[in-house]
1. For region 167-236, with only Lys/Arg (+1) and Asp/Glu (-1) charged at the beta-carbon, what is the dipole magnitude about the Cα centre, in debye rounded to 20?
2. Size of the dipole of region 136-180 about the Cα centre, Lys and Arg at +1 and Asp and Glu at -1 on the beta carbon, nothing else charged, in debye to 20?
3. About the Cα centre, and with charges only on the beta carbon of Lys, Arg (+1) and Asp, Glu (-1), how big is the dipole of region 152-270? Nearest 20 debye, please.
4. Put +1 on the Cβ of every Lys and Arg and -1 on every Asp and Glu Cβ in region 152-270; which of Ala210, Leu171, Ile195 then has its Cα farthest towards the positive end of the dipole?
5. Determine the gain in length on full extension of the stretch Asp116-His90; use 0.36 nm per residue of separation and subtract their C-alpha separation, reporting nm with one decimal.
6. For region 80-195, with the dipole built from +1 on Lys and Arg beta-carbon atoms and -1 on Asp and Glu ones, taken about the Cα centre, which of Pro154, Met117, Ala132 lies farthest toward the positive end?
7. Please list, in order, the residues from region 153-188 whose amide nitrogen is less than 11 Å from a point placed 7 Å along the Cα→Cβ vector of Lys214.
8. Name all residues of region 63-96 having a backbone nitrogen under 12 Å from the label point set 7 Å from the Cα of Glu140 along its Cα→Cβ direction, giving them as ranges.
Amino acid sequence: MHCIVRRLFPAKIRLSLPRLRRSLVFPVVVAAAAVTTMVDGARAHGQSTYDVSTVKPAKPGETGMGLSWRFAALQATNVTLQWILNSAFHARQDQVLDLPNWAKEQHFDITAKLTDMDAATAEKLTQDQHRALLLALLTERFGLKYHVETKQMPTYDLAPGKDGPKLTAALDPDDKTKTVYGLCGGCASSRENEIAGHGISTSQFAELLAAQVKRDVYDRTGFQGKIDVKLKWARDSGTAPVSDEDAALPSFAEALQTETGLRLVPTKGPVKLYVIDHLDQPTEN
């Protein structure tokens with residue numbers, strides 16, 4: 001079973017970016033034909049397209065959202081189209097623009113299967129191949145059309161602090177019978193004011209940080225191994241700590257420095273923005 005980085009906070013945090021002008025540089029149009037080309041190209045490496053899929057409204061009152069690929073099947077539970085597009089593009093919520101309101105508000109249960117691929121082969125599919133399949137599914141079932149724009153925007157470099165990094169080498173990341181922070185090797189979780197990871201790379205850690213700071217974060221640590229990491233920091237309402245517990249916790253920057261010896265250095269770089277041109281509101285099947 002593929003373990004994906006879970007992003008729990010997009011369900012709670014609604015961001016609104018100013019609408020970006022179409023003068024952004026390097027536009028690249030991506031529609032159904034391009035997505036089909038992605039999947040056809042992956043087919044040469046043993047990948048197929050989903051043969052069977054269902055889309056249903058999520059059960060009223062259901063909490064939590066999840067996406068998993070197991071064997072030759074995809075299971076998405078209580079997801080918004082906004083949330084699943086973030087997964088398909090491997091992007092943050094603030095990078096996906098011009099979504100209709102229903103795509104942010106309505107929740108769906110989605111299942112899909114590869115009927116022409118055995119489970120052993122399906123287990124070898126990469127995350128990029130799974131995302132290509134997911135984009136093809138969104139094109140077929142939701143009429144997805146989008147284009148990509150790249151703009152120079154504020155970013156961060158994840159770099160060692162003045163006293164050097166204090167990273168913890170992962171404990172048995174390949175042993176599937178052991179967990180750290182309740183996580184199997186190669187897995188991570190991210191909540192409103194907490195990040196945990198077991199057996200992840202510093203590049204994956206940078207992605208978790210990027211989701212929190214709403215900017216691209218580039219790994220400049222120079223660290224090559226796998227790490228175990230856990231951060232918890234005070235939530236800031238903008239004027240005062242949220243609770244007594246938060247009052248006792250460090251700030252985000254302090255937690256990062258104390259636990260890892262790393263810091264975020266402001267810089268600028270090219271950032272991909274995924275502009276939605278069309279989505280069809282689905283009907284249950």
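Computed from the coordinates by the stated procedures, all read-outs in this text should not be read as laboratory data. Computed from a predicted structure; not experimentally measured. Backbone-built Cβ (ideal geometry, glycine too); neighbour counts: all protein chains shown.
1. Details: 10 positive and 10 negative charges, 30 e Å.
For this selection, approximately 140 debye.
2. On the way: 7 positive and 7 negative charges, 36 e Å.
The calculation lands at about 180 debye.
3. Details: 14 positive and 17 negative charges, 63 e Å.
Roughly 300 debye for region 152-270.
4. After comparing all options, I get Ala210.
5. Values: separation 26, 0.36 × 26 = 9.36 nm, distance 2.60 nm.
In short, 6.8 nm is gained.
6. Pro154
7. none
8. 74
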